[in-house]
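The values are calculated or read from the model by the stated rules, or taken from the named source; none is laboratory data. Since the model is a prediction, treat every value here as computed from it, not as a measurement. Here Cβ is always computed from backbone atoms with ideal geometry, including for glycine, and neighbour counts include all displayed protein chains.
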Amino acid sequence: MALAQDQLDEETRIFERLYQPLRGFAAVVGPIEVDPDDLLQEAVARVLQRRRLTELDDPGAYLRRTMVNLASNHRRRFATRRRVLARLTASSQAAGDVYPSDLADLQRLAPRERAVLYLSEVEGYRYAEIGELLGCTEVAARKRALRARQRLVAALAGEGADG
């Protein structure tokens, strides 16, 4: 029984240590419609169904990868819902854009692209580390970052031409 309590205490310490950085990551990677805490909780629940945090070599990386995958799933579901709603409503302008355009442009990026930008620009990770965290090569991480930056620049340039 004491061993089980020690394992639980260690799991708690790991989660408490990782919570703030992972919540920030979830806020950037997740769709705007999903609360970061919900995305993080869903990722932790999925991971704990398979393994204990103490069994993982790098629980933070494992949870980040899980959140990116979950964010991709959410993004697909929300895109499908939006398409269906657009067909059902007479006017697609009825909803209006509630968020600043730069945030909207960022949300249009794929979750993996947002993840790469967040990890490189905000958390200061090198591309080799990002590749390891997200399960891709360093070159793939660099290419994702480049594509994401190009899309953001194009979106911002388009805004400037419109405005």
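Given (1) within 15 Å of the chain's Cα centre (by Cα); (2) among the β-branched types (Val, Ile, Thr); (3) at pLDDT below 90, where does Thr89 come up short, assuming only one miss?
Unmet for Thr89, out of (1) within 15 Å of the chain's Cα centre (by Cα); (2) among the β-branched types (Val, Ile, Thr); (3) at pLDDT below 90: (1).
I'm told Glu33 meets every condition in (1) in contact with a helix residue (DSSP H, G or I) (Cβ under 8 Å, 6 or more places away or on another chain); (2) acidic (Asp, Glu); (3) part of a helix (DSSP H, G or I) except one. Can you identify the failing condition by its number?
Exception for Glu33: condition (3).
Do any residues in segment 106-119 that are assigned by TED's automatic domain parsing to the domain that holds Pro21 have Cβ atoms under 6 Å from those of residues that are surrounded by fewer than 20 Cβ atoms within 10 Å (Cβ to Cβ), where the two are at least six apart or on different chains, and which pairs are they?
Hits for this filter: zero, empty list.
Here are some residues: Gln5, Gln41. Which one is closer than 26 Å to Val116 by Cβ and either more than 19 Å from the chain's Cα centre (by Cα) or not basic (Lys, Arg) (or both)?
From the options Gln5, Gln41, the qualifying one is Gln41.
State whether one or more residues within segment 22-40 are among the small types (Gly, Ala, Ser) and out of contact with any Leu (no Cβ under 6 Å at 6 or more places or on another chain).
yes
Do you know which residues across segment 128-146 are crowded, with 17+ Cβ neighbours inside 10 Å and either in contact with a Ser or Thr (Cβ under 7 Å, 6 or more places away or on another chain) or not in a helix (DSSP H, G or I) (or both)?
Hits for segment 128-146 are Ile130, Gly131, Cys136, Ala145.
Given the criterion assigned to a helix (DSSP H, G or I) and surrounded by 13 or more Cβ atoms within 10 Å (Cβ to Cβ), identify the matching residue among Ala4, Ala45, Ala27.
Sole residue among the options that is assigned to a helix (DSSP H, G or I) and surrounded by 13 or more Cβ atoms within 10 Å (Cβ to Cβ): Ala27.
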